[in-house]
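What follows draws every value from the coordinates through simple rules; no lab data is involved. On a predicted model such as this, the values are computed, not experimentally measured, just so you know. Note that we place each Cβ from the backbone using ideal geometry, even for glycine, and neighbour counts take in every protein chain shown.
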Amino acid sequence: MSIWRGQSRLILASQSRTRKMLLENAGLDFEALPADIDERAVQRDSGLSAPGEVASLLSREKALFISRRRHGHFVVGADQTLALGLRMFSKPSGRAQAAEQLHLLAGQVHELHSAVSVACDGKILFADVSVARMTMRRLSAGEIDAYLDAAGDAVTTSVGAYQLEGLGVHLFERIEGDHFTILGLPLLSLLAFLRGEKLLAV
Ligand SMILES: Nc1nc2c(ncn2[C@@H]2O[C@H](COP(=O)(O)OP(=O)(O)OP(=O)(O)O)[C@@H](O)[C@H]2O)c(=O)[nH]1
């Protein structure tokens, strides 16, 4: 039984398995359509550099891209950036880059900025950005190698080279922020908006 009460299906403008899992687990019936935008070019053209502003911009552009092509549907876009001081990280391309990123993040506090937007017919109806502060343990090269051996290719699917709800939990000594923000989707504020639009049964 779906919780969704919209006249047309919700669309998630994302190829993220995690974001799909979060909406599925919330009982939403939706269609996932990746937004084919050049994220780096969009960011460069915007001139934005603050991690929360970049995540918000990209979440809006993904939602708008699909909403202009699927009229009459509510479209959810999301994006997550990782900031260590002024430096922003992207999803590692492979093990070597994951090891390099983890070496830089170890023993430091980094921020995850997760943004979500909802668009319909080319207009943004809702947007939110949420931040989590992640204190990573000091890690030796051997500990990073052991983690990467155990975690495998999954490390390339997350901006921080970790899945907190999985083996990534071993990397941290302190976490401040919302669980869903860490996983990449400010779910509670998204559901509050959809509920306010009478689109949810609960
Ligand atoms: N399962 C899990 N996924 C995480 C975690 N932290 C970050 N992620 C995922 O890392 C990815 C961040 O990259 P993004 O560029 O925002 O999104 P993407 O995966 O490219 O997918 P799009 O929405 O299509 O852009 C998202 O899929 C997040 O869900 C975590 O702790 N656990």
Kirkwood-based shape ratio for segment 105-202, expressed as Rg/Rh from alpha carbons: 1.10
Whole-number D in µm² s⁻¹ for the chain, Kirkwood Cα-pair radius fed into Stokes-Einstein, 25 °C, 0.890 mPa s: 141 µm²/s
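Nearest 20 debye, what's the magnitude of the dipole of segment 146-202 about its Cα centre given +1 on Lys and Arg Cβ and -1 on Asp and Glu Cβ?
So the dipole magnitude of segment 146-202 works out to roughly 300 debye.
What do you get for trypsin sites (Lys or Arg not before Pro) in segment 151-202 restricted to DSSP loop and a cutoff of at most 12 other Cβ within 10 Å of the site's Cβ?
On the way: sites: Arg174, Arg195, Lys198; in loops: Lys198.
Those satisfying the criteria are Lys198.
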Protection proxy ranking, peptides 102-115, 26-39, average beta carbon neighbours within 10 Å, highest first: 102-115, 26-39
Rounded to 10°, Cα long-axis angle of helix 187-196 versus longest principal axis of the chain: 10 degrees
